[in-house]
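> Quick one: the structure is below, and I'll ask about it shortly.
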Amino acid sequence: MLPIILCVIAFFCGAVPFGFLAGKRKGVDLREHGSKNIGATNTLRVLGKKAGITVLILDAVKGLLPVLAATYLVPLPDIWRVAIGLSAVLGHIYSPFVRFKGGKGVATTLGVLIGLHPLIALLSFVAFFATVYLTRYVSLGSIIGAVTETVLFWVLPHEDLSLPLFGTLVAVFVIARHRANIGRLRAGTESKWGETKPEALTPQPPLPPEGEGAGG
């Protein structure tokens with residue numbers, strides 16, 4: 001029963017929409033700007049570097065903490081650690097707090113990977129960073145990073161298949177969430193890193209006090 005409870009907790013931990021909250025704090029709905037995604041990349045694009053980096057870290061931490069809890073606080077076998085990590089990723093992607101339209105799961109997956117297998121997390125991040133550095137496509141870097149972790153999970157030895165299967169499932173979810181990006185990459189219309197500055201957001205005028213401006 002305890003592992004199932006931890007999966008539920010991990011789901012709702014992953015579901016906390018930090019990007020959406022960062023936008024709301026500034027009076028901006030990220031779902032209406034940029035790529036209309038609430039993840040770290042669109043947060044950076046719309047709200048700037050500070051907000052983007054903050055959301056990136058928080059999205060990773062909400063994937064890392066549940067796995068650490070299942071590793072050290074309540075030591076569980078790999079299959080349950082994987083289930084808890086996957087729950088956090090699914091919570092981020094299908095957050096009930098934003099009508100089940102969350103982010104793409106990249107940063108949260110990185111946090112889970114750090115908890116499950118730090119070496120694979122590091123190598124996957126290197127693949128991501130190298131791809132973005134060479135091509136300036138964050139979406140392509142995310143896809144390459146997801147493929148890298150999957151290959152590494154299958155190549156490196158493990159006690160059972162739970163970790164390789166986790167790597168495969170997460171890669172499928174991440175790539176599926178990048179379908180539109182893949183289409184733009186093929187068409188040559190995908191935005192590159194550093195190509196656009198943070199959007200100039202025009203503050204909405206305050207609503208008139210009740211009873212004024214109604215005309216008639």
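The values are calculated or read from the model by the stated rules, or taken from the named source; none is laboratory data. Nothing here was measured: the structure is a model prediction, and the numbers come from that model. Because the Cβ atoms are built from the backbone with ideal geometry, glycine has one as well, and the counts that use them run over all protein chains shown.
> Taking interchain pairs and intrachain pairs at least six residues apart, which have beta carbon atoms under 8 angstrom, with the first residue in region 1-22 and over 19 Å from ILE38 (Cβ atoms) and modelled with pLDDT of 95 or more and the second of a type outside the set (Asp, Glu) and outside any helix (DSSP H, G or I)?
Final answer for the pair search is LEU6/VAL74; LEU6/LEU76.
> Output the residues belonging to region 129-163 that are of a type in the set (Val, Ile, Thr) and without any contact (Cβ under 8 Å) to a residue 60 or more places away in the chain.
THR131, THR135, ILE143, ILE144, VAL147, THR148, THR150, VAL151, VAL155
> Which numbered condition trips up LYS36, out of (1) surrounded by fewer than 16 Cβ atoms within 10 Å (Cβ to Cβ); (2) touching a helix residue (DSSP H, G or I) at 6+ places or on another chain (Cβ under 8 Å); (3) assigned to a helix (DSSP H, G or I)?
(3)
> While we're on this one: Can you find even one residue in region 122-129 that is part of a loop (DSSP other than H, G, I, E, B) and under 23 Å from LEU64 (Cβ atoms)? First the steps, then the outcome.
Restricting attention to region 122-129, the residues satisfying the condition of being part of a loop (DSSP other than H, G, I, E, B) are none.
Among the residues of region 122-129, not one is part of a loop (DSSP other than H, G, I, E, B) and under 23 Å from LEU64 (Cβ atoms), which makes the answer no.
> Quick test for you: out of ALA69, ALA51, pick the one residue that is surrounded by 20 or more Cβ atoms within 10 Å (Cβ to Cβ), among the hydrophobic types (A, V, I, L, M, F, W, C) and in a helix (DSSP H, G or I). Don't jump to the end; show me each part of the working.
On the way: ALA69 fails: surrounded by 20 or more Cβ atoms within 10 Å (Cβ to Cβ).
Exactly one residue qualifies, and that residue is ALA51.
> While we're on this one: Can you say whether GLY102 is of a type in the set (Gly, Ala, Ser), surrounded by fewer than 13 Cβ atoms within 10 Å (Cβ to Cβ) and not in a helix (DSSP H, G or I), as far as the supplied structure shows?
So GLY102 fails the test.
> Find the residue count for region 3-27, including only residues that are more than 27 Å from LYS50 (Cβ to Cβ) and among the charged types (D, E, K, R).
Going through region 3-27 one residue at a time, the tally reaches 0.
> Only one of these conditions is not met by PRO75: (1) under 22 Å from PHE153 (Cα atoms); (2) in contact (Cβ under 8 Å) with a residue 12 or more places away in the chain. Which number is it?
(2)
> Hey, any hits in region 129-150 for a residue that's more than 15 Å from the chain's Cα centre (by Cα), at pLDDT 95 or above and of a type in the set (Asp, Glu)?
Looking through region 129-150, at least one residue is more than 15 Å from the chain's Cα centre (by Cα), at pLDDT 95 or above and of a type in the set (Asp, Glu).
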